[in-house]
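Accompanying notes for the structure given below.
The values are calculated or read from the model by the stated rules, or taken from the named source; none is laboratory data. Because the structure is predicted, anything quoted here is derived from the model rather than measured. All Cβ positions, glycine included, derive from the backbone under ideal geometry; neighbour counts span all protein chains shown. All accessible areas refer to the heavy atoms of the entire protein, side chains included, with ligands and DNA or RNA removed. Shrake-Rupley method; radii C 1.70, N 1.55, O 1.52, S 1.80 Å.
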Amino acid sequence: PLAAAAVAATAPFPPSWAHQVRGAATQGDFHHAIALFLRMRAADAPAAPRSAVPASLPAALKCCSALGLPALGASLHALALRSGAFADRFTANALLNLYCKLPAAPCRSPGTEDAAGESLESMRKVFDEMTEKDPVSWNTLVFGYAEKGRHQEALVVLREMWIDGCKPNSFTLSSVLPIFAKCSDVRRGMEVHGFATRNGFVDDVFVGSSLIDMYANCTRTDYLVKVFDSLPCRDAILWNSMLAGCAQNGSVEEALRIFRRMLHSGVRPLPRTFSSLLPACGNVASLLLGKQLHAYVIFGGFDGNMFISSSLIDMYCKCGNVSIARHIFDRMQSPDTVSWTAMIMGHALHGPAREALLLFDRMELGNVKPNHITFIAVLTACSHAGLVDEGRKYFNRMSDHYGIVPSLEHYGALADILGRAGELEEAYNFISKMQIKPTASVWSTLLRACKVNKNTVLAEKVAKKIFELEPRSMGSHVILSNTYSCSGRWNEAAHLRLSMRKKGMKKEPACSWIELKNKRHVFVAHDKSHPCGVLCGHSEKLAMVFGIL
């Protein structure tokens, strides 16, 4: 902007500086607006009247905020103070917005506090020094704190706003509701919902969208649907928020019902519509519903979208249909990291596992950088194929070549590789020397391997580690009991089961389901409720036998 101003300094001056600056800023031509403003400041007093400064400062500050120019923003702040323009409410609000949007306060030297804290401190100082505050001022302050994760401060400002006699509006509520969404505080979110209803804000599309997101994050699908159904006007964004909320809470059928309503309402789906629905179908292994969505993807002309293709690959892999997933993958011209990872994980889980490693080699040859999830998929493939040496190689390659710090999932995957291969002592030592404190989940991986190998001595050592972390871990108690039983140590198994009963520990029954003729049949262990037969035993066996019958 400085260079542009210098070049344009000899050009004829516009008839109205403020009008030109505001016009350029309104049209989104922020660089041109800044250049005009600097030309005005560089001009002589007769050519640039003092009245033009306060009239154009809000637009110039808006441009600094949009372009992320902290140094120039600091200069304009100083100019506002020197010229008296800070007394103007619009200029002061523009300064508030500047500090709300910028990552750091430009007038402070770096290294003293975190960037967000500095900008918030400057924002609060501007607010406190304002001679006149309106709802925009209060809303900007609330939004600034909420956007930077200072939720408690945002709520304090909301109370100050109320005490000051400034009534919250729809923008205030849509700024506050995400706070309760992030911390899953449904009680306080409901209080805001009640306030919105009593004061006529509940029909506002922004408030409605925020309420939907809040209830979705708080896993209250019932209220989610009620809010959505009560809204008089629904745009594509609102429909998609509703779909995503139902899908992320596992209400796949409800999400598909909303999807059909959306189509009947004449609202065209967006790519994110399918990016929400397809993973949900994969999570509940609903191949039938996934195929129906795939048909609409093709019919709607979305099959060329990379994100949707990645979601389709992930869905088919989770449903166990790796062949269709591979067909979609092979038709992609330039798969991204997500696509490669989904396909590698599909082969890792459903086979052939070595194909997953071949895909990873192709991924590297294509200069596509793997991420931490990719390596979880690769290590999973090594585990299922019994490739111990390859597992060690990929684990080390992850950090040495790509600089990825191993997470608990990576440590657990390598421990599983060693355990499945019968290298129990090495697995125990590996977990004991982890750079991160091992969790009960990581130790449980080794405990299952001890059961398979009937190593009760090591199983007892591992179980002790687990019970120190999670004394009431039902699964670990059951695995240890089964380890005793597999080794013929019936007395120890019976004693452990008795101890579990005395502690009031009860195993939750397993659940399995199978889809037949467009209907899902659900079974739990020792289930006798299904109308087509009196069966008993493991839930997986019940589902499989019913399918065969």
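Once the range 157-180 is narrowed to residues that are surrounded by fewer than 20 Cβ atoms within 10 Å (Cβ to Cβ) and within 22 Å of LEU102 (Cβ to Cβ), the residue that is nearest to the chain's Cα centre (by Cα) is PRO178. If the condition is being crowded, with 17+ Cβ neighbours inside 10 Å and either of a type in the set (Asp, Glu) or under 24 Å from SER407 (Cα atoms) (or both), then the range 441-458 contributes VAL442, TRP443, SER444, THR445, LEU446, LEU447, ARG448, ALA449, CYS450. Only one of HIS294, HIS384, HIS327, HIS372 is open to solvent by 60 Å² or more (accessible area, probe 1.4 Å) and either within 27 Å of the chain's Cα centre (by Cα) or touching a residue at least 60 places away in the same chain (Cβ under 8 Å) (or both); which? The unique qualifying residue is HIS372. In the range 362-379, which residue that is charged (D, E, K, R) and in a helix (DSSP H, G or I) is nearest to TYR394 (Cα to Cα)? Restricting to residues being charged (D, E, K, R) and in a helix (DSSP H, G or I), the top hit is GLU364. Within the range 297-316, the set of residues being open to solvent by 40 Å² or more (accessible area, probe 1.4 Å) and β-branched (Val, Ile, Thr) comprises just one member, ILE298.
Residue under question is GLN333, and the condition is that it be polar (S, T, N, Q), assigned to a helix (DSSP H, G or I) and open to solvent by 20 Å² or more (accessible area, probe 1.4 Å); does it hold? Spelling it out, it is not the case that GLN333 is polar (S, T, N, Q), assigned to a helix (DSSP H, G or I) and open to solvent by 20 Å² or more (accessible area, probe 1.4 Å). Annotation: LEU349 fulfils all but one of (1) touching a Cys at 6+ places or on another chain (Cβ under 8 Å); (2) at pLDDT 90 or above; (3) within 17 Å of THR380 (Cβ to Cβ); (4) open to solvent by less than 30 Å² (accessible area, probe 1.4 Å); the unmet one is (4).
Once the range 116-143 is narrowed to residues that are within 30 Å of the chain's Cα centre (by Cα) and of a type in the set (Val, Ile, Thr), the residue that is least open to solvent (accessible area, probe 1.4 Å) is VAL142.
Taken across the range 165-180, residues that are charged (D, E, K, R) and within 22 Å of PHE127 (Cβ to Cβ) do occur, with at least one present.
For the range 416-431, the criterion of a residue being under 24 Å from MET315 (Cα atoms) and either in contact with a Gly (Cβ under 9 Å, 6 or more places away or on another chain) or in contact (Cβ under 8 Å) with a residue 60 or more places away in the chain (or both) is satisfied by no position.
The test for being touching a Pro at 6+ places or on another chain (Cβ under 7 Å) and not assigned by the TED database to the domain that holds ILE514 does not hold for SER323. Selection of the range 74-89 for residues being surrounded by 14 or more Cβ atoms within 10 Å (Cβ to Cβ) and touching a residue at least 12 places away in the same chain (Cβ under 8 Å) yields ALA74, LEU76, HIS77, LEU79, ALA80, SER83, ALA85, PHE86, ALA87, ASP88, ARG89.
Residues checked against (1) more than 23 Å from the chain's Cα centre (by Cα); (2) among the small types (Gly, Ala, Ser):
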| site | (1), (2) |
| --- | --- |
| GLY194 | yes, yes |
| THR197 | yes, no |
| VAL207 | no, no |
| SER241 | no, yes |
| VAL267 | yes, no |
| PRO271 | no, no |
| SER275 | no, yes |
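So is GLU409 under 22 Å from VAL462 (Cβ atoms), surrounded by fewer than 21 Cβ atoms within 10 Å (Cβ to Cβ) and among the acidic types (Asp, Glu) or not? The answer is yes for GLU409.
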